[in-house]
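> I have a structure here, written as structure tokens, and I will follow up with some questions on it.
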Amino acid sequence: MIETKILSANAHPLSRAACIGGGVIGGGWIARFLLAGVDVQVFDPDPEVKRIVGEVIANAERAYAMLTHTPLPRRGALRFRASIAEAVADAEWVQESVPERLDVKQRVLAEIDAAAPATALIGSSTSGLLPSDLQSGLSHPERLFVAHPYNPVYLLPLAELVGGKATSRETLSRAQEICESIGMKGVIISREIEAFVGDRLLEALWREALWLIKDDICDVETLDDVIRYSFGLRWAQMGLFQTYRIAGGEAGMRHFLAQFGPCLKWPWTKLTDVVDLDDTLIDKIAAQSDAQAAGLSIRELERIRDSNLVEIIKALKTGHDGRGWGAGRLLADFECRLESRVAREEAAQFHQPLRLVETAVPAAWIDYNGHMTEHRYLEVFGKATDALLRLIGVDLDYVAGGHSYYTVETHLQHLGQARLGDKLTCTCQIVAADEKRIHIFQRIVSGDSEAPIASAEQMLLHVDSHAGRASPAPRAILERLRPIVEAHEDLERPAVLGRSIGVKRADLSHQDLPPR
Ligand SMILES: NC(=O)c1ccc[n+]([C@@H]2O[C@H](COP(=O)([O-])OP(=O)(O)OC[C@H]3O[C@@H](n4cnc5c(N)ncnc54)[C@H](O)[C@@H]3O)[C@@H](O)[C@H]2O)c1
């Protein structure tokens, strides 16, 4: 079972956001908010903004379909407004993502400050301007902070939260909580400095890289290979210091510092000198970069980047001991929030089978017949069962406490086929339950069709895993289960319940089986 905890029913603190600026970064924020179920109002004077934002949302939806099987909440409503004042009028969070110029940002922020509700948080996407400079002149400077994201904002989950002199501590904690609710990790930076932490690091690396190209030590492709085949892989999961701790061997960080610290003073770095980006160097880098892209357009590269990021984050979700690590652990937590939000959205939904998994069929699931291969059906049903268990409180902590539900019987029927890219939804109906058992019936449908392409009937048994035998589930679990069971009593019982293998139609008995 995947790492999770059932989150409180009030775990979604944001309903309405405004995005001022809908370019590369603004578009990413818009997609991040919408897919987390938040309504977004946008102002951007660019006449092309609807198209640009639409393309970013399409990319984000494609990426999320690959990233998670958890049904997303109802997508937030997107509205484009004719002015900043209209866009921010009822916002709880306003995210400013206009061009990186202090005068432009100050003008825009003053307009936001004048029109937004006094309680609204105002985040700036600036890559390096000081929040103290951005908040000077505002009537509510305490709610202004930097929320510096990384591109693509809908996939990369970090926001550096930086307060200025007038920013209140409460603003930063609320921002951090809201980030969590939309699947982001908001890290609070202790003190404001230009370019914060991430861009400081990136610029140091970039400065040195430009020297290496200028001095013909390598070309851009070789330099990128050096990163992506080596420490780039390490950084995604452990960052810098934890990686170096391990590199220090058994003596750890102290040994690493003693061994490699002095090298920093050797004359092999040009980090403090800035290379002159003259036309010759620009032409050289641009030409090498064109050759490296090998004809791929920016949009194609974006899709390649997104698919790879998705797989890296997914790998980190099951990494470590299956409980997830880093960005993967964050995704697992976000999925729990989404599940509980979807469950709340459909609170009256208990009178229908629970919609527990949504996914698009990836290439890895296709077999030699060009269809989704058989064990993937069980994988989808298994994920739905996990989601049901999480919904009633059977999470990893519960399992670690020595109790769980085990699947003791499965009857799976293949009724149709799924092909690459098909959108699958898995629903679960509780047929019956008692203190020890949950009898469920699940269906997978493809696209908008109502006819299932597969069904699974399963019996789940509550167990005391230490004692190694069945045991009654505790009251807390049964109380979460009860409203679903009661609502599902009104549902039609699936005709195929209890059917044995080889029986094709409900009215056939065993005697009608064809001779072997
Ligand atoms: N591109 C990145 O990788 C990146 C990463 C992190 C942060 N940032 C920061 O995000 C901000 C936006 O950068 P970007 O890359 O999205 O730029 P961009 O040029 O793609 O988008 C800026 C958008 O702002 C709009 N705009 C201009 N004036 C406006 C106004 N008065 N009101 C509303 N909208 C207005 C433009 O029409 C444009 O669509 C900058 O502060 C940048 O430093 C960028």
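> Name the one entry in R516, R443 that is at pLDDT below 90 and of a type in the set (D, E, K, R).
R516
> Within 16 Å of the ligand (Cβ to nearest atom) and at positive phi: does that describe G21?
For G21, the condition - within 16 Å of the ligand (Cβ to nearest atom) and at positive phi - is met.
> Of the numbered conditions (1) surrounded by fewer than 18 Cβ atoms within 10 Å (Cβ to Cβ); (2) part of a loop (DSSP other than H, G, I, E, B); (3) more than 15 Å from the ligand (Cβ to nearest atom); (4) at pLDDT 95 or above, A82 fails exactly one; give the number of that condition.
(3)
> I need the full set of residues from region 24-67 which are away from the ligand (no atom under 16 Å from the Cβ) and touching a strand residue (DSSP E or B) at 6+ places or on another chain (Cβ under 8 Å), in order please.
Within region 24-67, L34, V38, D39, A65, M66 qualify.
> Which residues, counting only those in region 213-238, are charged (D, E, K, R) and free of Cβ contacts under 8 Å to residues at least 12 places away in the same chain?
Within region 213-238, D215, D216, D225, R228, R234 meet the criteria.
> Still on this structure, please answer the following. I need the full set of residues from region 285-330 which are at positive phi and without any contact (Cβ under 8 Å) to a residue 24 or more places away in the chain, in order please.
A294, G295, H320
> L424 is checked against (1) surrounded by fewer than 18 Cβ atoms within 10 Å (Cβ to Cβ); (2) in contact with a Ser or Thr (Cβ under 6 Å, 6 or more places away or on another chain) and fails just one. What number does that condition carry?
(1)
> All but one of (1) surrounded by fewer than 19 Cβ atoms within 10 Å (Cβ to Cβ); (2) near the ligand (Cβ under 10 Å from one of its atoms) hold for V197; which doesn't?
It is condition (2) that V197 fails.
> Which of the residues that make up region 393-410 are modelled with pLDDT of 90 or more, crowded, with 17+ Cβ neighbours inside 10 Å and either under 28 Å from the mean Cα position of the chain (by Cα) or of a type in the set (F, W, Y) (or both)?
Result: V394, Y398, S404, Y405.
Quick grid of which residues meet (1) among the hydroxyl-bearing types (S, T, Y); (2) surrounded by 15 or more Cβ atoms within 10 Å (Cβ to Cβ); (3) modelled with pLDDT under 95:
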position: Y154; (1), (2), (3): yes, yes, no
position: V162; (1), (2), (3): no, yes, no
position: I182; (1), (2), (3): no, yes, no
position: I189; (1), (2), (3): no, yes, no
position: D219; (1), (2), (3): no, yes, no
position: G239; (1), (2), (3): no, no, yes
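> Shifting gears a bit: Across region 89-103, what is the number of residues that are crowded, with 22+ Cβ neighbours inside 10 Å and away from the ligand (no atom under 11 Å from the Cβ)?
Matching residues across region 89-103 total 3.
> Ok, one more. Every residue in region 29-55 that is crowded, with 21+ Cβ neighbours inside 10 Å, out of contact with any helix residue (DSSP H, G or I) (no Cβ under 6 Å at 6 or more places or on another chain) and in a helix (DSSP H, G or I), please.
The answer is W29, R32, F33, L34.
> Further question on the same structure: Just checking, how many residues over region 326-350 are polar (S, T, N, Q) and at pLDDT 65 or above?
So the count comes out to 1.
> Then there is this: Only one of these is surrounded by fewer than 14 Cβ atoms within 10 Å (Cβ to Cβ) and assigned to a helix (DSSP H, G or I): R207, R254, R245. Name it.
Step by step, each of R207, R254, R245 is checked, and only R254 is surrounded by fewer than 14 Cβ atoms within 10 Å (Cβ to Cβ) and assigned to a helix (DSSP H, G or I).
Conditions tested, residue by residue: (1) over 17 Å from L460 (Cβ atoms); (2) free of Cβ contacts under 8 Å to residues at least 24 places away in the same chain; (3) part of a helix (DSSP H, G or I).
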{"residue": "E358", "(1), (2), (3)": "yes, no, no"}
{"residue": "A364", "(1), (2), (3)": "yes, yes, yes"}
{"residue": "R376", "(1), (2), (3)": "yes, yes, yes"}
{"residue": "A384", "(1), (2), (3)": "no, no, yes"}
{"residue": "L389", "(1), (2), (3)": "no, no, yes"}
{"residue": "V399", "(1), (2), (3)": "no, no, yes"}
{"residue": "Q417", "(1), (2), (3)": "yes, no, no"}
{"residue": "L420", "(1), (2), (3)": "yes, no, no"}
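> Going by the conditions given, is T410 assigned to a strand (DSSP E or B), among the polar types (S, T, N, Q) and either over 19 Å from I484 (Cβ atoms) or out of contact with any helix residue (DSSP H, G or I) (no Cβ under 8 Å at 6 or more places or on another chain) (or both)?
So T410 fits the description; yes.
The values are calculated or read from the model by the stated rules, or taken from the named source; none is laboratory data. Keep in mind the model is a prediction, meaning the values are calculated, not measured. Virtual Cβ from ideal backbone geometry, glycine too; neighbours counted across all protein chains shown.
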